[in-house]
Every structure is written in C-alpha cells, then in structure tokens.
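K.L.:
Right, I'll just put the structure down here and ask away after.
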Amino acid sequence: MKGTRGKRDKRGQTLGRYVERLQDSYKQAGNLLCLEVDPVIEYIPEVFAGSVRELIVAYVTEILEIFSSMNLIPSTFKMNIGFFHCLDRPRDGEFEGSLALAGILNLLARYFPNTPLILDAKRADIAKSSANYAREAFYSWQADALTAPPYMGSDSVQPLLAAADRAGWDAWPRSGFRRPVLDTRVLKKP
C-alpha cells in the first residue's frame, strides 16, 4: 500500500502520505483537534450494556454520532492501544479489547473516512522487535502514524522509520528531551 508523495511544504520539504492526509484533514475540519479514544470501562455510563466490546463500541458510536450531527470533525484521531490490549485475555482466547479497537476503527472509517489515525503504542525496542511493532501498527491496524519513544536510541526507532518509509508513510520523530535522538521537524499550519 503505497502512499502519495511529491507535494512540498513551504520550506520545500517533500511530504508523504501522513503529512498530506493531516494537512488535508486540517483544511477540511478547520481545526487541529486530535480526538483521543482511550476507553476506561469503569467510566462508561451504565445505560450501555453487553460484552466489553459491545459496551465500548456502543459508547464510542454515540460520541461519534454526536460529533457527526454537530458537523464537528476532528483533524486526527489517536488510539492508545494499551487501553484496549489490557482488556484482552489471550490465554483464555478472549480478545474483547482488540475487537473493540477494530470496531472503533471501522466506525471511524465510516464516519470520518479522510481523518488520519495515530496509533499511540509508544513502541520501541531492539531492531527486530521494533520492525514487528511497525508491522503491527501499519499493516495489522492500518494506522497512519505510530508513537515511538526514543529512549533506547536511534537503533530502536530506525526500524520503525524504515517500515514507515516502505509503506509509503512519513515518520516524523519528535523529542522533548534534552538530548534528542533524531532531528525534529515541526508541521506548520497550511
């Protein structure tokens, strides 16, 4: 799945699929709102019932319908995978959290088909593990972007960058640390 390339920003930098999608989404939405969907079961109102998956999907569906009815379009969505994976019980064959995430991603594709998705997984490890994390994010979950902390150095982030490039995505590592591991770039308002 190759992304589009070739557009340039005001500084002449070539933009990849994610940056183009984010800029297009910003123009369409008219805002820089990033809606983070991190379900906490204990906070979902009791009016929603069913399995964990049904509960989460029903609750998020109602929120998305409200957003849609108000013509409020976020410019991006961010899903923290930990909020979903902690609900799985793989050794018991139960994947309610992962299935809820898949259901929500399908809802987003229906309600907001042009809005980019950031998978907030904060994954970085030794090179081979990082390559598998990238595969999970970009191919399994079909995310447009992935969060990755550079704590272990550039060798842990490099496989993520390479996988993003092979898939046609741009990776823009950022660091708020005193010693940034990689150069940072700032996305300017279009």
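Derivation of every value follows stated rules applied to the coordinates shown; laboratory data play no part. Just so it is clear, the structure is predicted and the values come from calculations on it, not from any experiment. We place every Cβ from the backbone using ideal geometry, glycine too, and count neighbours over all the protein chains shown.
K.L.:
What is the order of Val157, Val52, fewest Cβ neighbours within 10 Å to most?
P.N.:
Fewest to most other Cβ atoms nearby, the residues stand as Val52, Val157.
K.L.:
In nm, to one decimal, how far is the modelled label at Phe48 from the one at His85, with both set 7 Å along Cα→Cβ?
P.N.:
A separation of 2.2 nm, rounded to one decimal place.
K.L.:
Here is a follow-up. Charges only on Cβ, +1 for Lys and Arg, -1 for Asp and Glu: so what's the dipole of region 121-166 about the Cα centre, in debye to the nearest 20?
P.N.:
80 debye
K.L.:
Next up: Taking neighbour counts of Cβ atoms within 10 Å as a proxy for exposure, in what order, fewest first, do Lys122, Lys128, Lys78 appear?
P.N.:
Least crowded to most crowded, the residues run Lys128, Lys122, Lys78.
K.L.:
Along the positive direction of the dipole of region 76-162 (beta-carbon charges: Lys, Arg +1; Asp, Glu -1; about the Cα centre), which of Asn114, Ala137, Cys86 reaches farthest?
P.N.:
Asn114
K.L.:
Using the Karplus curve 6.51 cos²θ - 1.76 cosθ + 1.60 with θ = phi - 60°, work out ³J(HN,Hα) for each residue of region 50-58 in order, rounded to whole Hz, and write x for Gly and Pro.
P.N.:
Each residue of region 50-58 in turn: x, 5, 3, 4, 4, 4, 5, 5, 5 Hz.
K.L.:
When the dipole is taken about the Cα centre of region 31-119, and only Lys, Arg (+1) and Asp, Glu (-1) are charged at their Cβ, what size is it in debye, to the nearest 20?
P.N.:
So the magnitude is around 320 debye.
K.L.:
In nm, give the distance between the simple-model label positions of Met70 and Ala58, each being 7 Å from the Cα along the Cα-to-Cβ direction.
P.N.:
Output for this residue pair reads 2.3 nm.
K.L.:
Could you put Cys34, Cys86 in order, starting from the residue whose Cβ has the fewest other Cβ atoms within 10 Å?
P.N.:
Sorted ascending by nearby Cβ count, the order is Cys86, Cys34.
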